[in-house]
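The values are calculated or read from the model by the stated rules, or taken from the named source; none is laboratory data. The structure presented is a predicted model; accordingly, all values stated were derived computationally and were not measured. Neighbour counts are summed over all protein chains in view; Cβ atoms, including those assigned to glycine, are modelled from backbone coordinates with ideal geometry. Each accessible area value is taken on the protein alone, full model and side chains, heavy atoms only, with ligands, DNA and RNA left out. Shrake-Rupley method; radii C 1.70, N 1.55, O 1.52, S 1.80 Å.
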Amino acid sequence: MKKKLISTLLAAAMLGTMVAGTTVSADEAAGDNTYTMFMRNTYVNWIKELKWYDAAEEATGIHVEYVEGPDEFSDVYAEVDQRIISGTLPDATMTKLSQTNVYGPQGAFADLAPYIEKYAPNLQKYIDENPDYKALVSDENGAIYGLVKESPIFQDFLGYRADHLEKAGIDPASIQTVEDFTEALRTLKDYYGKDNPNYYPLTGREGVFRFAAWFQCLSDVSAEASHGIYMSHFKDYSFDIMSDNAYTMVETMKTWYDEGLIQPQFAEGTFTEGDWEADMINGNGTFFYDYYNRAEWFMENGGPEADPDYQMAVLDNFKDADGNVIVGAGACKYNEECVTAVNANCGEEKIKTILTFIDYFYSEEGIALANYGVEGESYEVEADGTKKFIADYTTEESKPEGEKKWSFLSDRFTVCKPVDNTAFFAWNAPLIADACANYMTEDHIRTGLNLTYTAEESEELANLVATVFDAEVAGMTSFVTGSKELNADNWSAFQDEMNGMGLSRIEELQFEAYNNTYGE
Amino acid sequence: MAGKRKAAVVSAANKKSLPQRIKKDLKRNWILYLLLLPGILSLILFKIGPVGGMVIAFEKFSAFQGVFHSKWVGLDNFARIFKDPYIPKVVGNTIILAVLSIVVVFPIPIIFSLFLNEVKQKWIKSTVQSLSFLPYFISAAVMVSILYTLLSPSSGLVNNIIRWFGGKSVNFMAKPGWFRPEYVLLEVWQTLGYSAIIYIAAINNIDQELYEAAEVDGANRWDKIFRITLPCISTSIIVMLIISVGNIFTVNLDRILLMYNPSVYDTADVIQTYVYRIAFESKGFPDYSYGTAVNLLKSVIAFALVTAVNKLADKFAETRLF
């Protein structure tokens, strides 16, 4: 009897343990002034620290309960799929446009168009005033399944150790072209490399093919043609291997590699962010071309502690042979990877709540709050009507994790809202704010274009890009590092191989999408 | 005769129908069946059930429409595989890695077990066996980090030795030619002790009288290894070989992703990394169906190989797995 009892309990326990993992707790019922939203965990943590966000919830009387997702973007979107499969999608979700374009018409996400008209007058006004936005978020029937986040338009900056250049006798103003730059690298290598075998004047992290703008061989798309991979690479790792200038770029990078002017592991693609940061702080590097505010980051994160003379600066864009400024690759106005979609199971009241909250950020009051904060606390209005931050950037951004602060780094996702570029650039330490004022201008940046793809085009393009992009990078890396001899024949064979793998088809699809988006 | 017929009639009358016998058996052994239930459910839910999900290889799968309502496209995804110009490259890389794994990784635990068996001191034997088993529990991330540290061009032990001898640092992790040896090295390091357990267990089951008789006949250590130990564990070796062939297309994805960089794409891009990029790292809408089709085809080929090796083993070594 005892044995039977023990066996029964054991079996029940095993069964219970097994099914425990498969049970899903029901979502808590939420009142009309709250809604749940699935979002990348980094952004949720970020939102929790923002003073202006709390002020927005207070102003609208609406509270958003965030459901934290993973950290990696691709994992976030994979979890959206899993939540759709398991029926555990919260009221709203962070997703990407390619997902809303497919799942929206199938019925997973609510068509927001009629509700925006009814409950979100400011957002409706924004849509009407921005036909490019309307074209991007609406399908052929005028349905809107996702709201896209606006993004600041910025390019990468060429940051450098000003103290290094000074000691090596280089005048930064003399570096006007890529040729000048290469000469400066040589001078620095001679000066610092003789005592330090680990010194390489140009360093960086992860992908090395970030210099295409300097050689005027960025991937692009226009009414005439499409060149290179533009989808997802209009800014980062944008290049067109079919351009003659791309050959020059690889040739120049090979020179840097052969002469020890570029950190070899960076050129080979094995230098991590940590390696790069350590190199820059320890004096093993002088130049880098990276995210616009990284020069300030080094000033705040150990540079001056490692060397009292440590001083970062930012160089202007290079000029071409005719003395014209070479434009850098800029972000798109709309970030298609940060989209808010609403669960189709939401009732009208819930959709109204969600849209009311988002709509606030399209009102004058909401725009001012999200970009500048509260008057008298984080900003003041000048005599000419312009807003000026009074909250100190360094003090606020260096507050410990989890502490409430003023912060206006609008490149991150909080809610879908318009971005004031002036405020975004002004909210930086003087080093970067000054550089932004001078170099984040229209004549310095090529703004990325948002293209509208059909679901079929998007699928085909994504699959081709998954293959061709890595193959292009691998091929160019082998030329730079000398694994493959760089000559006209090998380069031409490489181009043919990439076209055979689908590069030309990618260009065709991008060109079609351009015409569908911007054509007559 | 009449008696026999009578017994047959009585036996037929006593023999109960199948449902009745099942019912009786269930009643008698219900506790055992109850204990079996979680295992069976787990097998159905997590092993057999998901195989049904592979049907998405024949569909244009949408997570929202699900397996039952997604559009049926028949063999379109499979046709795409044969048209995909990149497939031959990743299949080639996968096969080379798999062949290296079988040719290099498979025999090493056998050799290790044979040599370990020759160690007479028990404590040394058990210590070496335990130490060889430990790396099995180290994650791929830690393994690859250790490799990166050892091979670092600026501070790694290997490059320090190269420089000490007057050589020039080599970034081994960025050399396409070094990717496969590095992968195989990690595979050996990680699985050596675990795989050896099976052979050591088989060796321990060999009748000691065979060795004693061989010694009487004047056999030396090598004779005993090649004429007694190896033939006696050949069944285990063949079973392990068949299992290894079944896993021929299964590479360690975590390890490869961690060792992946643009310099080694030429040799490191394999079927799994390609499927991962398309299905899970997609820049557009993820193509789960195509990824599943590639994996399904891979499984079918692996199954055919296992069947062929099983037949060959039966024919030449009179041993088979199924």
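Mind putting a number on the dipole of the stretch A:177-300 about its Cα centre? Charges go on the C-beta only, +1 for Lys and Arg and -1 for Asp and Glu, and I need it in Debye to the nearest 20.
Details: 8 positive and 22 negative charges, 16 e Å.
About 80 debye.
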| query | Toward the positive end of the charge dipole of the protein assembly as shown, about the Cα centre and with charges on Cβ (Lys, Arg +1; Asp, Glu -1), which of A:94, B:258, B:137 goes farthest? | reply | B:137
| request: Express the relative contact order of the stretch B:140-203 as a whole percentage, based on alpha carbon pairs under 8 Å and six or more residues apart in sequence. | output: 19
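For the peptides A:213-220, B:122-129, what is the packing order when you average, over each peptide's residues, the other Cβ atoms within 10 Å and list the highest mean first? All intermediate terms of the calculation are to be shown ahead of the outcome.
Values: A:213-220: 22.9, B:122-129: 12.4.
Packing order, densest peptide first, comes out as A:213-220, B:122-129.
Using the Cα gyration tensor of the protein assembly as shown, with a ≥ b ≥ c the square roots of its eigenvalues, what is the shape: rounded (a/c below 1.5), prolate (a/b larger than b/c) or oblate (neither)? Present the calculation step by step, with values, prior to reporting the outcome.
Details: a/c = 2.06, a/b = 1.36, b/c = 1.51.
It is oblate, given that a/c is not under 1.5 and a/b is not larger than b/c.
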| Taking a threshold of 20 Å on the Cα-Cα distance, which of the pairs A:96/A:125; B:60/B:83; A:149/A:387 fall above it? | A:96/A:125; A:149/A:387
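So, R0 is 30 Å and r is the distance between the beta-carbons of residue A:244 and residue A:180; what FRET efficiency does that work out to, to 0.05?
Working: r = 21 Å, r/R0 = 0.71.
The pair residue A:244/residue A:180 has a calculated efficiency of 0.90.
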| request: In nm, give the distance between the simple-model label positions of residue A:345 and residue B:27, each being 7 Å from the Cα along the Cα-to-Cβ direction. | output: 4.5
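Compute the relative contact order of chain B as a whole-number percentage, counting only Cα pairs closer than 8 Å that sit 6 or more residues apart in sequence.
Values: 281 pairs, mean separation 77.4, N = 322.
Relative contact order of chain B: 24 percent.
What average count of beta carbons from other chains do you get within 10 Å of the Cβ of residues in A:266-279? Please report the intermediate quantities before stating the final value.
Values: counts 0, 4, 9, 9, 14, 3, 1, 0, 0, 2, 0, 0, 0, 1.
Across the residues of A:266-279, the mean count of other-chain Cβ atoms within 10 Å is 3.
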| said: Between residue B:95 and residue A:128, what is the label-point separation in nm under the 7 Å Cα-to-beta-carbon projection? | reply: 6.4
| said: Within the stretch B:67-188, what whole-number % of the accessible surface is contributed by carbon and sulfur, with the 1.4 Å probe and all protein chains included in the calculation? | reply: 73
| request: Give the accessible surface of the protein assembly as shown per residue, rounded to a whole number of Å², with probe radius 1.4 Å and ligands, DNA and RNA excluded. | output: 48
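What full-extension length gain, to one decimal in nm, is calculated for residue B:81 and residue B:214 as 0.36 nm per residue of separation minus the Cα-Cα distance?
Numbers: separation 133, 0.36 × 133 = 47.88 nm, distance 5.68 nm.
Residue separation times 0.36 nm, minus the Cα-Cα distance, leaves 42.2 nm.
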| field | Relative packing of B:269-279, A:55-65, which averages over residues the other C-beta atoms within 10 Å, highest first | value | B:269-279, A:55-65
| note | Shape call for the stretch B:77-158, from the Cα gyration tensor axes a ≥ b ≥ c (a/c under 1.5 means rounded, otherwise prolate when a/b beats b/c, else oblate), comes out oblate
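Evaluate the charge dipole of the stretch A:170-242 about its Cα centre and quote only its size in Debye, nearest 20, assuming +1 on the Cβ of each Lys and Arg and -1 on the Cβ of each Asp and Glu.
Numbers: 6 positive and 11 negative charges, 55 e Å.
Magnitude of the dipole: close to 260 debye.
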| Across the residues of A:65-78, average count of Cβ atoms on other protein chains within 10 Å? | 2
| message | List the aspartates and glutamates whose Cα sits under 14 Å from the Cα of residue A:333, skipping any in the same chain fewer than 8 residues away. | response | A:132, A:150, A:411, A:420, A:442
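For a protection proxy built on the mean count of beta-carbon atoms within 10 angstrom, sort B:32-38, A:90-96, A:380-386 highest first, please. Walk me through the numbers on the way to the answer.
Numbers: B:32-38: 15.1, A:90-96: 25.9, A:380-386: 8.9.
Highest-to-lowest ranking by the protection proxy: A:90-96, B:32-38, A:380-386.
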| task | Would you give the gap between the C-alpha center of the stretch A:273-346 and the C-alpha center of the stretch B:286-322, rounded to a whole Å? | result | 49
| task | May I ask you to list the aspartates and glutamates whose Cα is less than 13 Å away from that of residue A:399, ignoring any residue fewer than eight positions away on the same chain? | result | A:49, A:300
| Point-charge dipole on Cβ atoms (K/R +1, D/E -1) for the stretch B:223-305, about Cα centre, debye to 20 | 240
| Span-like helix ranges in chain A, DSSP H, alpha carbon extent 24 angstrom or more, Kyte mean at least 1.0 | A:2-20
| request: Just the number, please: carbon plus sulfur as a percent of the accessible area of the stretch A:385-437, 1.4 Å probe, no ligands or DNA/RNA counted. | output: 50
| request: Between residue B:111 and residue B:47, take the C-beta separation as r, use R0 = 30 Å, and let me know the FRET efficiency to the nearest 0.05. | output: 0.30
| said: Give the lysines whose C-alpha is closer than 16 Å to that of residue A:350, dropping any in the same chain fewer than 8 places away, or say none. | reply: A:118
| Estimated [θ] at 222 nm from DSSP helical runs (n ≥ 4, -39500 (n - 2.57)) normalised by residues in chain A, nearest 500 | -14500 deg cm²/dmol
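Express as a percent, rounded to the nearest 5, the fraction of DSSP beta bridges in the protein assembly as shown (both residues included) that run antiparallel. Before the final figure, lay out each step's value.
Values: 26 of 42 bridges.
Taking every DSSP beta bridge with both residues in the protein assembly as shown, the antiparallel ones total about 60 percent.
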| If contacts are Cα pairs under 8 angstrom and at least 6 residues apart, what is the relative contact order of chain A in percent? | 23
| query | In the stretch B:49-125, with Lys and Arg counted as +1 and Asp and Glu as -1 at Cβ, which of these residues, B:90, B:53, B:110, has the Cα nearest the positive end of the dipole, that is, farthest along it? | reply | B:110
| task | Kindly identify residues of the stretch B:278-303 having a loss of at least 10 Å² in accessible area between the isolated chain and the assembly of all protein chains, probe radius 1.4 Å. | result | B:278, B:280, B:281, B:282, B:283, B:284, B:285, B:286, B:287, B:288
| What residues in the stretch A:241-265 lose 30 Å² or more of accessible surface when the other protein chains are added to their chain alone (1.4 Å probe)? | A:265
| task | Taking 30 Å² as the minimum loss, tell me which residues in the stretch A:461-475 lose that much accessible area going from the chain by itself to the full protein complex (1.4 Å probe). | result | A:462, A:463, A:466, A:467, A:470, A:474
| field | Interface size A-B, as summed buried accessible area [1.4 Å probe, Å², nearest 100] | value | 3800
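For the stretch A:156-218, which whole-number percentage of the solvent-accessible area (1.4 Å probe, protein heavy atoms only) is attributable to carbon and sulfur atoms?
Details: 1150 of 2460 Å².
Solvent-exposed carbon and sulfur of the stretch A:156-218 make up 47 percent of the total.
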| task | From other protein chains only, count the Cβ atoms within 10 Å of every residue's Cβ in B:36-42, then give the mean. | result | 4
